[in-house]
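Participant: Handing you this structure, nothing more for now.
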Amino acid sequence: MTAETTRGLLGAFVTVPGTGLEVMSTPVTADAAAAAFNALRVPDRAGDSYTMVNVVNPDTAVRRTGHGPFEVAPGRSGHPATGVTLAGARAVARLHGGRLPRVDEWVAVLAAGGSAVHDLAVTLSASSANFDEHWGGTTPVDRFGPQVLGLHDVLGNVGEWCEPSGPDAAAPECPVFGGGWNKPLPTSVGTAVRRKWSEFGAVAIGFRIVRGEL
Amino acid sequence: MTGDRRGRPFMLLGHHRSGTNFLTDVLQAHPEVSMVDEPLSVHTRGFRDTDLLVWGADQWDDVRVHDALVDHPMSRARFQRLREFVTAPGEVVRGFKETILFEKMPWLHAAVPGLRTVLVVRDPRAVVGSLLKHDVDAIWEYSRALERYVGQPGAHRELVATGSPLARSVSSWRVRHRELLGAPPPGLRVFRLEDLVRDDSDVLAEMMRHIGLEPHEAQHRTMKEHQREHRGGMYSTYRTLDQVLNEWRRTLRPDEVAYVEERCAPEMELLGYDR
């Protein structure tokens, strides 16, 4: 599958009003990520460790058996791509002409939607968002309605890799925004941002692609 | 927050299905704790492929890490990264959670001097009940690990039976605890999950002081919140007290209970579990 055809697996992009920033309406799905890693010919195999996709943990949405192609785990089609490292997320974003968002951009996106983390959080419940293990794992990226500006899963489902910036740019731990299916619903920017080892692909961390600038 | 926390690395260690996910959430609820979750067992192949291979202190090498990892350069790199993380200076206490490494403690202490270990144990009947319910034996390849174990000189082969998932689950539990508790490393404290969930105040305080901190109110809130109802899937940290203590009574057959009690009798007595 080529990069061109994998593009068809990405969701729509939403233009943030008053800015030049376009944001994917959902986190990247496992389907789109697996196709992208195959197009990129990522070398990670079920051998030693990994650089872009956690091929050791059987519970991630993107997986690979030995030297075979990357695949979507059974039952995870349409779910966020978990098990992807920061490097893997960046590679997929670049393949599709984009990049990862920064934390300040997430704050701006919410503000453009007339909201802040707390304002958004109080509108959500276990029936309208995926957090605090109410759903036992990830849910399809369009399972719940959009939360702000037509964007799904801004809070909950998966935390999303952010491009580090500022004084923390060189730190080995990178910001992840938005909580996750197994985390409490964030109620502030402070609780919405966790710092995780960038080289780890985890079961509750995904990513989405942005284009342009604020 | 006061001062430099360097030199206070800790590990939360527990057998699969012993409450380690729950305890990780409780520990991380403290604002001065920073942890990495299973950096070796779910993020490297090298450490999974050497599970239950005993490593001695003299086998630690600052460059090679261990001879068994010669073909696993990324596993070596991940371990070195972990060492750097847990010994980094700063104002938080740094640690990691693992479900392997029971039999590698002398090596681990040579690699990370001053490591404090919080070993969480759980009634083996509850552990085995959960292992069987969730097919953990297959997921974690106990058969292969136990085969590696019995092939070593000095192995406690009398602890190992591999004819069924029940036998392998019991063997995994016995071997890991025997290897660790038979020669306890410095800085080890043992905590029973049941004691923590029944009455968190004193037990949590002891645990936190062992890693150099006082308990935080957020940890008590986390514990209370996570015990209000059963929620989530296999790795969920939301379990009621009754589920934690008694689920095995509903899932294990009488013959399975008898098997566990008979095989684990010495360890149950050591850890204070009545049969």
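Read-outs throughout are calculated quantities, based only on the coordinates presented, and are distinct from any laboratory measurement. Just so we're clear, the structure is a prediction, and the values are computed from it rather than from any experiment. Heads up, the Cβs are rebuilt from the backbone with ideal geometry, glycines too, and the neighbour counts pull from every protein chain shown.
Participant: So between residue A:51 and residue A:213, what do we pick up on full extension, going 0.36 nm a residue minus the alpha carbon distance?
Facilitator: The residue A:51-residue A:213 span can extend by a further 55.5 nm.
Participant: How many partner chain Cβ atoms sit within 10 Å of a residue's Cβ in peptide B:30-40, on average, as a whole number?
Facilitator: What the average comes to for B:30-40 is 2.
Participant: At 7 Å along Cα-to-Cβ for each site, give me the label-to-label distance between residue A:128 and residue B:234 in nm.
Facilitator: 3.3
Participant: So, one more: Just grab the label-to-label distance for residue B:253 and residue B:81, each label 7 Å out from Cα along the Cβ direction, in nm (one decimal).
Facilitator: That separation, rounded to one decimal, is 4.5 nm.
Participant: In a shell of Cβ-Cβ distance under 11 Å around residue B:154, excluding residue B:154 itself, what net charge do Lys and Arg (+1) and Asp and Glu (-1) give?
Facilitator: -1
Participant: With each label point set 7 Å from Cα along the Cα-Cβ vector, what nm distance links residue B:221 and residue A:12?
Facilitator: 3.8
Participant: Here's something else I'd like to know. Could you state, as a whole-number percent, how many of the C-alpha pairs of the range B:132-187 are farther apart than 14 Å?
Facilitator: Here the tail beyond 14 Å accounts for 52 percent of pairs.
Participant: Kirkwood Rh and Cα-based Rg: tell me the resulting Rg over Rh for chain B, rounded to two decimals.
Facilitator: On the Cα set of chain B, Rg over Rh gives 0.95.
Participant: Please report, in Å, the Rg and the Dmax of the protein assembly as shown, where both are computed over Cα atoms only.
Facilitator: Cα radius of gyration and Dmax of the protein assembly as shown are 22.6, 72 Å respectively.
Participant: FRET efficiency for residue B:206 and residue B:241, Cβ-Cβ distance as r, R0 = 25 Å, nearest 0.05?
Facilitator: Plugging the Cβ-Cβ distance into 1/(1 + (r/R0)^6) gives 0.80.
Participant: When the Cα atoms of the range B:1-140 are enclosed in a convex hull and the volume is divided per residue, what value in Å³ results?
Facilitator: Dividing the Cα hull volume of the range B:1-140 by its residues yields 105 Å³.
Participant: Check the straight Cα-Cα distances from residue A:183 and name the lysines below 20 Å, setting aside those fewer than 8 residues away within the same chain.
Facilitator: A:196, B:97, B:224
Participant: Once all Cα-Cα distances of the range A:54-194 are split into 10 Å bins that start at 0, what whole-number percent is in each one?
Facilitator: Percent of pairs per bin, in order: 12, 39, 37, 12, 1.
Participant: In terms of the ratio Rg/(2.2 N^0.38 Å) built on C-alpha atoms, what value belongs to the range B:133-238?
Facilitator: Rounded to two decimals, the normalised Rg is 1.37.
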